[in-house]
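Input: a single structure, listed below in C-alpha cells.
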Amino acid sequence: MAFPIIISKAEILKIYKPIPFNSHKGIQGHALIIGGSYGKIGSVCLSGKAAIKSGCGLVTAFIPKCGYTILQTAIPEVMVLTDVNENFITKIDFNFTPNAIGIGIGIGQEMETQNAIHHLLFDTKTPMVIDADALNILALNPACLSLLQPKTILTPHLKELERLLGKWNSEDEKFAKTIEFSKKFNVIIVIKGAPTHIIFEEKIYQNTTGNQALATAGSGDVLTGIITSLLAQSYEPINAAILGVYLHGLTADIALPETGYQSFIATDIINYLGKAFLTLEN
C-alpha cells in the first residue's frame, strides 16, 4: 500500500479559497442536487442545505413530486424542480447549466431511475459527485462506468465500495483494488470510514478530522452536499473532496464538547459548518 498523504490543517490552508469581498451569488456557483424518493426526501433536504451552507451561491434540488412541499418548506433558500413521477425519479430534466451535480441521495433503485441516471451520464459533462443508490446503480450497470467524466467523485461507504470492486481479503488489497479502479475509470474515490481516505490514481489521502459522532443517519448525505458545493465553486475535484471531507469531520470535533457522541446528528454537521470554516479564516 502506498504511504498515505495526511490531510492536515496546513495542507487544507494551501487549497482553501476565501470568498472574495466583492462576490455575489451569480459567481459563487450553482449546484444541482438530484435524489429523493417517497420516504427519503429528508436526504435531499440535508444535502441541499449542506450545499448552500458551504458557500454555494445557488442550489437547486431535483426530486420526485412527493417532496416538493417538504423541500420548499424545509429549505426556503433552495430552489426545487420535480420529476413527472410522484414517488421516484424517472426522467432528469433541468433548464439551466449547473456548475456541479450531486446525485444519488435517497434516490432508490427503480428501473426507471436507473435509466434516468444512465441518460444523465450519457448527456452531461458537468462535474459530478455520485453517492448512495447512484453508486449501487453503477454497480448493477458496470457499462455506465465508462460514461463517467474524468475526475468524477464517488463517495462510497465500505459496502457500496465492495459492490463496485468486489470483495477484498485485507486492507492492502482494498486499497490496491481501489487504486486500480480509480486509474481505470479516472475517478476520485472517497472511502467513507474511520478514518476517511480519498484515492485518486496512485495517491491515497488520509483525513485527520472527525470522530464516532459522525456514525449517524444522513451524515453521508451532508458530505455529498458539501463536496458538490465546493465543486460548484470551482475547486479542483480532488481539492473539493479533500476540503469537503476535512470540514465534514471538523464539525464533529468542534461540536463534541456540546453534543457528546450520542446526541450529534446530521443536522449538527450543517449547523457547525460555519465554525469549521472560521477555523480556516483565522
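Values quoted throughout were computed directly from the atomic coordinates according to the rules given, and no laboratory measurement underlies them. Note that the structure is a prediction, hence the values are computed from the model and not measured. Backbone-built Cβ (ideal geometry, glycine too); neighbour counts: all protein chains shown.
Kindly check whether there is at least one residue in region 82-99 that is surrounded by fewer than 16 Cβ atoms within 10 Å (Cβ to Cβ) and under 26 Å from T216 (Cβ atoms). Looking through region 82-99, none of the residues is surrounded by fewer than 16 Cβ atoms within 10 Å (Cβ to Cβ) and under 26 Å from T216 (Cβ atoms). Among the conditions (1) touching a strand residue (DSSP E or B) at 6+ places or on another chain (Cβ under 6 Å); (2) touching a residue at least 40 places away in the same chain (Cβ under 8 Å); (3) polar (S, T, N, Q); (4) surrounded by fewer than 23 Cβ atoms within 10 Å (Cβ to Cβ), the only one that S182 does not satisfy is (2).
If we scan region 67-82, do we find a residue that is hydroxyl-bearing (S, T, Y) and either in contact (Cβ under 8 Å) with a residue 24 or more places away in the chain or touching an Asp or Glu at 6+ places or on another chain (Cβ under 9 Å) (or both)?
no
Scanning region 170-190 for residues that are part of a helix (DSSP H, G or I) and either among the hydrophobic types (A, V, I, L, M, F, W, C) or at positive phi (or both) yields F175, A176, I179, F181, F185.
Inspect all residues belonging to region 141-149 and state whether any of them is crowded, with 17+ Cβ neighbours inside 10 Å, without any contact (Cβ under 8 Å) to a residue 60 or more places away in the chain and touching a His at 6+ places or on another chain (Cβ under 6 Å). Among the residues of region 141-149, at least one is crowded, with 17+ Cβ neighbours inside 10 Å, without any contact (Cβ under 8 Å) to a residue 60 or more places away in the chain and touching a His at 6+ places or on another chain (Cβ under 6 Å), which makes the answer yes. Cβ-Cβ contacts under 8 Å between residues 6 or more apart (or on different chains), taken from a first residue in region 30-58 that is within 15 Å of T69 (Cα to Cα) and without any contact (Cβ under 8 Å) to a residue 60 or more places away in the chain to a second residue that is part of a loop (DSSP other than H, G, I, E, B) and among the aliphatic types (A, V, I, L, M), are listed as C45/I75.
Kindly provide the set of residues from region 164-175 that are exposed (fewer than 15 other Cβ atoms within 10 Å of the Cβ) and within 23 Å of the chain's Cα centre (by Cα), ordered by number.
Result: G166, single match.
When the residues of region 1-56 are filtered to those that are touching a helix residue (DSSP H, G or I) at 6+ places or on another chain (Cβ under 7 Å) and among the hydroxyl-bearing types (S, T, Y), the one that is nearest to I101 (Cα to Cα) is S47.
When residues of region 42-62 are filtered for being part of a strand (DSSP E or B), over 16 Å from G218 (Cβ atoms) and not aromatic (F, W, Y), how many remain?
Selection size over region 42-62: 3.
Just checking, does region 253-264 include any residue being in contact with a strand residue (DSSP E or B) (Cβ under 7 Å, 6 or more places away or on another chain) and of a type outside the set (A, V, I, L, M)? Checked region 253-264: no residue is in contact with a strand residue (DSSP E or B) (Cβ under 7 Å, 6 or more places away or on another chain) and of a type outside the set (A, V, I, L, M). The residues of region 254-282 that are among the β-branched types (V, I, T) and assigned to a helix (DSSP H, G or I), listed by number, are I254, T259, T267, I269, I270, T279.
Note on region 228-253: residues that are over 17 Å from P195 (Cα atoms) and assigned to a helix (DSSP H, G or I) total 9. For region 206-213, the criterion of a residue being in contact (Cβ under 8 Å) with a residue 60 or more places away in the chain and surrounded by fewer than 20 Cβ atoms within 10 Å (Cβ to Cβ) is satisfied by at least one position.
Kindly indicate which of D123, D133, D83, D93 is within 16 Å of the chain's Cα centre (by Cα) and among the charged types (D, E, K, R).
Selected residue: D133, the only one of D123, D133, D83, D93 that is within 16 Å of the chain's Cα centre (by Cα) and among the charged types (D, E, K, R).
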